[in-house]
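Okay, structure first, notes after.
The values are calculated or read from the model by the stated rules, or taken from the named source; none is laboratory data. This one's a predicted model, so the numbers in the text were calculated from it and none came from an experiment. Every residue, glycine as well, gets a Cβ built from its backbone with ideal geometry; the counts of neighbours run over all protein chains shown.
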Amino acid sequence: MTESIVLFGPPGAGKGTQAGRIVELTGKPQISTGDMLRAAVKAGSPMGLAAKEYMDAGLLVSDEVIIGLIEERLQNDDAGQGVLFDGFPRTIPQAESLEEIATVSSVISIEVPDDAIVDRIVGRRMDPETGEIYHVSFKPAPTEIQDRLVQRPDDTEETVRARLGAYHTQTAPLADWYSERGLLIRIDGDASIEQVGASVEEAIASIS
């Protein structure tokens with residue numbers, strides 16, 4: 001089996017930015033289950049059709065279908081040296097199923113306090129004309145466009161704290177699960193993008 005890396009962390013922890021960095025450093029392709037689901041549905045593969053049934057019914061796609069899609073994806077030539085799992089597994093049962101089809105060599109956990117996550121997400125504002133994302137504190141928009149900025153409906157504190165609650169219940173226990181297996185690398189995500197990136201680079205160097 002190929003050796004792969006798992007990247008996880010709470011919503012708003014900056015996983016997308018660091019996933020790109022890990023791909024550059026390792027050459028491993030990034031696997032996001034959301035992207036994979038959309039591609040499989042579009043391609044009309046048997047697993048994609050199975051996923052579409054769940055999605056059309058407004059249900060979460062079953063672990064069995066997700067694992068089946070991942071198993072298919074791992075057959076691609078670019079996965080020969082392992083992949084980067086971004087945001088998967090989300091639960092311990094998913095991690096146990098993943099063990100059967102892939103060898104996870106390391107797990108990078110980007111850790112950020114809840115209050116910092118809330119500040120990051122609730123302060124986001126989008127320019128509807130350009131799609132550019134600003135932040136009221138960290139990246140203020142130019143004065144001349146501030147009047148047209150909007151807050152996304154799901155960027156409220158209530159929604160963010162609900163998502164964080166689900167993360168702590170379902171996904172956070174993975175840290176201890178992987179730590180017991182000697183695979184977990186904790187990254188302090190409550191720092192600048194550059195500092196977090198440097199920590200990720202150190203982590204990748206330590207497992208290469």
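Please enumerate the residues belonging to segment 3-42 that are farther than 23 Å from Arg120 by Cα and of a type in the set (A, V, I, L, M).
Those that are farther than 23 Å from Arg120 by Cα and of a type in the set (A, V, I, L, M): Ile5, Val6, Val23, Leu25, Ile31, Met36, Leu37, Ala39, Ala40, Val41.
Only one of these is at pLDDT below 95 and either surrounded by 14 or more Cβ atoms within 10 Å (Cβ to Cβ) or within 17 Å of the chain's Cα centre (by Cα) (or both): Arg163, Arg152. Name it.
Numbers: Arg152 fails: either surrounded by 14 or more Cβ atoms within 10 Å (Cβ to Cβ) or within 17 Å of the chain's Cα centre (by Cα) (or both).
None of the others qualify; the one that does is Arg163.
The rows are residues; the columns are (1) of a type outside the set (A, V, I, L, M); (2) out of contact with any Ser or Thr (no Cβ under 7 Å at 6 or more places or on another chain).
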| position | (1), (2) |
| --- | --- |
| Ala175 | no, no |
| Ala191 | no, yes |
| Glu201 | yes, yes |
| Ile204 | no, no |
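Report whether or not Ser179 is closer than 14 Å to Ile92 by Cβ, loosely packed, with under 15 Cβ neighbours inside 10 Å and of a type in the set (S, T, N, Q). Step through it out loud before you land on a result.
On the way: closer than 14 Å to Ile92 by Cβ: yes; loosely packed, with under 15 Cβ neighbours inside 10 Å: yes; of a type in the set (S, T, N, Q): yes.
For Ser179, the condition - closer than 14 Å to Ile92 by Cβ, loosely packed, with under 15 Cβ neighbours inside 10 Å and of a type in the set (S, T, N, Q) - is met.
Scan segment 170-204 residue by residue and report those that are among the charged types (D, E, K, R) and free of Cβ contacts under 8 Å to residues at least 40 places away in the same chain. Spell out the reasoning first.
At the first step, the residues of segment 170-204 found to be among the charged types (D, E, K, R) are 176, 180-181, 186, 188, 190, 194, 201-202.
Asp176, Glu180, Arg181, Glu194, Glu202, listed by residue number.
Give the residues of segment 11-50 that are closer than 22 Å to Arg163 by Cβ, modelled with pLDDT of 85 or more and small (Gly, Ala, Ser), sorted by residue number.
Within segment 11-50, Gly12, Ala13, Gly14, Gly16, Ala19, Ser32 meet the criteria.
Being assigned to a helix (DSSP H, G or I), of a type outside the set (Asp, Glu) and under 21 Å from Ile193 (Cβ atoms), is that true of even one residue in segment 134-150? Quick ask: steps written out before the conclusion?
Start the filter on segment 134-150 by keeping residues that are assigned to a helix (DSSP H, G or I), which leaves 143-148.
Imposing the further condition that a residue be of a type outside the set (Asp, Glu) reduces the set to 143, 145-146, 148.
Right, trim to under 21 Å from Ile193 (Cβ atoms) and you get none.
The answer is no, given that none of the residues of segment 134-150 is assigned to a helix (DSSP H, G or I), of a type outside the set (Asp, Glu) and under 21 Å from Ile193 (Cβ atoms).
Consider segment 169-207. How many of its residues are within 15 Å of Ile117 (Cα to Cα), out of contact with any strand residue (DSSP E or B) (no Cβ under 8 Å at 6 or more places or on another chain) and either β-branched (Val, Ile, Thr) or modelled with pLDDT of 95 or more (or both)?
So the count comes out to 1.
Cβ-Cβ distance below 8 Å, separation of 6 or more or different chains: which pairs start in segment 36-59 with a residue that is free of Cβ contacts under 8 Å to residues at least 40 places away in the same chain and end on one that is of a type in the set (S, T, N, Q) and not in a helix (DSSP H, G or I)?
Sorted first by the residue in segment 36-59, then by its partner, the pairs are Tyr54/Ser62.
Any residue that is of a type in the set (Lys, Arg) and touching a Phe, Trp or Tyr at 6+ places or on another chain (Cβ under 8 Å) - is there at least one of those in segment 122-134?
Checking segment 122-134: at least one residue is of a type in the set (Lys, Arg) and touching a Phe, Trp or Tyr at 6+ places or on another chain (Cβ under 8 Å).
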